[in-house]
């Protein structure tokens, strides 16, 4: 290969690399405030628990956090189970009402204290005869 062809090949490779790098740098990056979510297996509350505010039934769980690996389904299973055993002894978590499309459901929102509401999970079920909103 002649020197001129070799120089042309090097220039073309450099141009392609620059285009790829520039494209990656200008690509839209995910927002830092957006949370990742993970749906967890159904949790069955066997007996009515009026102190905790949960009636017997099958409940959905949805974890949310900036990085979903920071809150696993095993974590939320253990937190929720502990809450059912002793609602007043739950440390490091705030418990409040559901919001948004889930506000008509039976359940609660658990948020990690100090996370500005960015780390937590929802536990809910819809009463018989109530149609869940689309996507819920």
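The values are calculated or read from the model by the stated rules, or taken from the named source; none is laboratory data. As the structure is a prediction and not an experimental result, all values here were calculated from the model. A quick note on method: Cβ atoms are made from the backbone with ideal geometry, for glycine too, and the neighbour counts reach across all protein chains shown.
Details
- Residue among 107, 129 that alone is modelled with pLDDT under 90 and either farther than 17 Å from residue 76 by Cβ or in a strand (DSSP E or B) (or both): 129
- Every residue from segment 75-100 that is in contact with a helix residue (DSSP H, G or I) (Cβ under 8 Å, 6 or more places away or on another chain) and either modelled with pLDDT under 90 or part of a loop (DSSP other than H, G, I, E, B) (or both): 89, 90
- Breaking point among (1) modelled with pLDDT of 90 or more; (2) surrounded by fewer than 17 Cβ atoms within 10 Å (Cβ to Cβ); (3) in contact with a helix residue (DSSP H, G or I) (Cβ under 8 Å, 6 or more places away or on another chain), for residue 54: (2)
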